[in-house]
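Participant: One structure, pasted below without further comment.
The values are calculated or read from the model by the stated rules, or taken from the named source; none is laboratory data. In this text the structure is predicted, and so the values were computed from the model without any measurement. Here the Cβ positions follow ideal geometry from the backbone for every residue, glycine too, while neighbour counts run over all protein chains shown. Keep in mind that these areas ignore ligands, DNA and RNA; they rest on the heavy atoms of the full protein, side chains included. Shrake-Rupley method; radii C 1.70, N 1.55, O 1.52, S 1.80 Å.
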Amino acid sequence: MAELIKAKTRRDAALTLSSHPSFSLLAVLAASIFLLGLSIANKTAVVSNNSGVQPAGQCGSWVKEPDGGSFTSPSYPSRYPPERECIYILEAAPRQCIDLYFDDNYSIEPSWECKFDHIEIRDGPFSFSPIIGRYCGQLSPLYVRSSGRYLWIKFFSDGELEATGFSARYNFTADPDFKDIGTPSPLPFCEFYLGGPEGLVDSQQISKEGKALATEAVDCKWFIRAPPRSKIYLRFLDYEMHNSNECKRNFVAVYDGGSSVADLKKKFCSTVAIDMMLISALGVVRMWADEGSRKSHFRILFTTFRDPPCEENTFFCHSNMCINTTLVCNGVQNCVFPWDENHCKEKRKPSILEKLNSTNLAIIGVTCSIVLILLIISSIVQIKQPRKKYIMKREAFDPALFQEVFEPPHYELCTIRSAATVPNMADMSNEFEHFQRRPSSRCVHNHHCGSSATSPGGSRSNLSIRDATILPDTLIQPVRPLVPPTNRRSIHVMKHSYSDVTGDCDVEEEISTVSGQLDDQNLQAQRSVSIGF
């Protein structure tokens with residue numbers, strides 16, 4: 001009985017609240033919040049699908065889903081309008097590819113080689129990507145699969161013979177090239193926002209700001225916002241892909257106007273990247289690198305500019321660019337050509353004196369004062385201290401230390417000697433005549449001891465011989481008749497040798513100093529004495 005009373009009480013309370021106007025307001029508010037959440041979720045799902053179409057709003061319906069979507073030709077299922085060109089670009093997530101299907105309700109004006117109305121499909125994000133096929137007529141294209149994460153589709157109609165058009169569906173599937181990796185881990189959120197007259201887009205910011213680990217795959221975007229009515233110039237300072245020419249593993253893409261694939265301007269995955277000029281005020285740089293390509297790196301200098309005529313506080317770059325004057329002579333080339341860095345005065349480095357401050361001056365002053373005081377003290381000590389005199393003893397002096405030893409070549413000069421015993425004068429005369437008749441001496445080397453015929457000046461031995469021939473005329477003296485000569489004078493030519501000569505030069509002769517005339521006079525004097533006796 002008590003339980004029935006409690007249930008009835010609860011039912012009456014609920015009826016009372018439902019009839020209250022404030023309760024109705026709360027219910028409406030809760031429903032609005034729920035619907036808003038659903039719309040945000042749907043919007044998030046649409047944004048995650050990065051496919052796009054150009055021109056937007058003129059190329060049929062487009063439905064985007066997280067795992068695919070669908071699109072149609074203009075006015076489908078009615079006839080498409082004439083002279084229309086639509087570009088559909090499909091983009092899958094990294095490590096995925098695209099499967100494309102066409103519905104059976106398909107009709108496009110037939111022509112030879114589909115030169116008029118047609119659908120063109122390319123395997124990639126650009127109009128120059130490898131072509132898969134060109135289709136027209138009543139039969140829909142076959143199943144199409146991309147080799148990578150992009151498909152480029154163009155629908156074209158001329159001015160005549162319109163038809164129903166087409167409807168297509170696409171799905172994102174796992175790329176078979178990455179089947180060994182398994183289910184890829186979710187990518188970290190990695191976005192950067194830049195602005196100003198210039199700036200630097202650097203891949204090193206990923207690790208410096210902790211956006212991702214070095215072992216994680218990254219899909220990062222840099223959003224560059226320029227002032228209104230401005231454009232963006234991108235100049236690559238550094239670029240290197242670790243896995244070159246493998247666009248599935250690493251690339252750098254540039255978007256002009258947004259991050260949608262429809263705004264894709266250029267994609268680099270080879271060994272070279274070129275500078276780019278964006279025509280909108282929003283530029284996006286995107287880098288994709290898997291776990292094995294994290295060594296890929298790049299640096300891009302961006303400069304915002306306006307078209308001429310240049311306004312105040314701007315500099316004309318001679319390439320249809322007006323940049324901010326703060327970028328002139330800043331040591332960085334911001335123009336396409338280095339007009340902003342030409343005719344700039346070289347910035348002089350400040351000298352050491354200009355770098356000094358009060359602290360440095362105080363330290364230098366104290367140091368100099370201490371050094372000066374020490375010099376004064378040392379000078380006073382030197383003056384007051386008596387000097388020691390060192391006297392060298394005479395016995396300790398060695399003159400050989402101060403004289404250069406010089407030994408000339410060894411000579412044994414001619415000597416004059418007297419014989420102890422004197423033979424008769426006739427023997428001396430005969431010996432002297434015999435010496436004069438000799439054609440030459442026993443000398444081997446004429447340079448030192450040569451004959452008088454080959455050497456007019458003669459050597460020292462020749463000089464001795466000449467002296468011996470002249471000597472009798474100068475030594476003629478009156479001889480006492482009764483006193484025979486008791487001494488015999490002769491010239492003895494001694495040995496003359498050089499140590500560096502291979503041969504020996506030996507001359508040893510005895511030359512009588514008394515001529516034949518002197519001998520005759522002595523004989524006559526002896527005869528006269530004997531006759532007198």
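Participant: Pop out the ³J(HN,Hα) list for segment 260-270 in order, Karplus 6.51 cos²θ - 1.76 cosθ + 1.60 with θ = phi - 60°, rounded to Hz; leave Gly and Pro as x.
Facilitator: Going residue by residue, I get 6, 5, 5, 9, 5, 9, 7, 10, 10, 9, 9 Hz, with x marking Gly and Pro.
Participant: Residue by residue through segment 74-89, what is 3J(HN,Hα) from phi via Karplus (6.51 cos²θ - 1.76 cosθ + 1.60, θ = phi - 60°)? Round to whole Hz and write x for glycine and proline.
Facilitator: x, 6, 5, x, 6, 5, 6, x, x, 6, 10, 9, 10, 10, 10, 10
Participant: If you don't mind, another one. By accessible area of protein heavy atoms, probe 1.4 Å, what ranking do Trp339, Trp222, Trp112 get, highest first?
Facilitator: My answer, sorted largest first, is Trp112, Trp339, Trp222.
Participant: Given labels modelled 7 Å from the Cα in the Cβ direction, how far is it in nm from Thr359 to Ser319?
Facilitator: Here the answer is 4.5 nm between the modelled labels.
Participant: Which value, in Å² and to the nearest 10, is the accessible area of Tyr101 when all protein chains are kept and the probe is 1.4 Å?
Facilitator: About 70 Å², rounded to the nearest 10.
Participant: Working out 0.36 nm times the residue gap between Gln204 and Leu161, then minus their Cα-Cα distance, what length gain in nm do you get to one decimal?
Facilitator: 9.9 nm
Participant: On the protein heavy atoms, probe 1.4 angstrom, tell me the percent of accessible surface of segment 167-288 carried by carbon and sulfur.
Facilitator: The computed percentage sits at 52.
Participant: Also, quick follow-up: Got a sec? Which residues in segment 242-275 would a label at Lys295 touch, if it sits 7 Å along Cα→Cβ and we count backbone N under 13 Å?
Facilitator: The answer is 242-244, whose backbone nitrogens lie closer than 13 Å to the label point.
Participant: Using a 7 Å offset from the Cα along the Cα-to-Cβ direction at both Thr173 and Arg229, what is the distance between the two label points in nm, to one decimal?
Facilitator: 5.3
Participant: Net charge around Gln58, counting only other residues with Cβ within less than 13 Å of its Cβ (Lys, Arg = +1; Asp, Glu = -1)?
Facilitator: Summing Lys/Arg as +1 and Asp/Glu as -1 gives -1.
Participant: Oh, and also: Can you list residues whose amide H is under 5 Å from Asp117's amide H, if they're 5+ apart or on another chain and H is modeled 1.01 Å from N?
Facilitator: Those qualifying (amide H under 5 Å, at least 5 residues apart or on another chain) are Asp158.
Participant: Rolling a 1.4 angstrom probe over the protein chains, ignoring ligands and nucleic acids, what is the accessible area of Phe126 in square angstrom, nearest 10?
Facilitator: 20
Participant: Which order do Leu375, Leu200 take when ranked by solvent-accessible area (1.4 Å probe, heavy atoms of all protein chains), largest first?
Facilitator: The ordering from most to least exposed comes out as Leu375, Leu200.
Participant: Just grab the label-to-label distance for Ser280 and Gln54, each label 7 Å out from Cα along the Cβ direction, in nm (one decimal).
Facilitator: Label-label distance for Ser280 and Gln54, simple model: 1.0 nm.
Participant: Loop-only check: which trypsin sites (Lys or Arg not before Pro) in segment 241-315 are DSSP coil with at most 13 other Cβ within 10 angstrom?
Facilitator: Within segment 241-315, the qualifying trypsin sites (Lys or Arg not before Pro) (loop, at most 13 other Cβ atoms within 10 Å) are Lys295.
Participant: What residues qualify as long-range amide H neighbours of Glu191, i.e. H under 5 Å apart, gap of 5 or more or another chain, H built at 1.01 Å from N?
Facilitator: Excluding prolines and chain starts, which carry no amide H, the hits are Lys221.
Participant: Further, regarding this structure: Put His118, His343, His318, His297 in order of accessible area, largest first, 1.4 Å probe: what do you get?
Facilitator: His343, His318, His297, His118
Participant: Determine the per residue accessible area of segment 279-342 with all protein chains present and a 1.4 angstrom probe, expressed in square angstrom.
Facilitator: Computed with neighbouring chains in place, this is 45 Å² per residue.
Participant: Give, in nm to one decimal, the length gained when the segment between Val371 and Lys221 is fully stretched (0.36 nm per residue of separation minus the Cα-Cα distance).
Facilitator: Fully extending the segment from Val371 to Lys221 adds 47.7 nm.
Participant: Taking θ as phi - 60°, what are the ³J(HN,Hα) couplings along segment 315-326 by the Karplus curve (6.51, -1.76, 1.60), each to the nearest whole Hz, with x for Gly and Pro?
Facilitator: For segment 315-326, the Karplus-derived couplings read 10, 8, 8, 6, 9, 6, 10, 10, 9, 5, 5, 5 Hz, x marking Gly and Pro.
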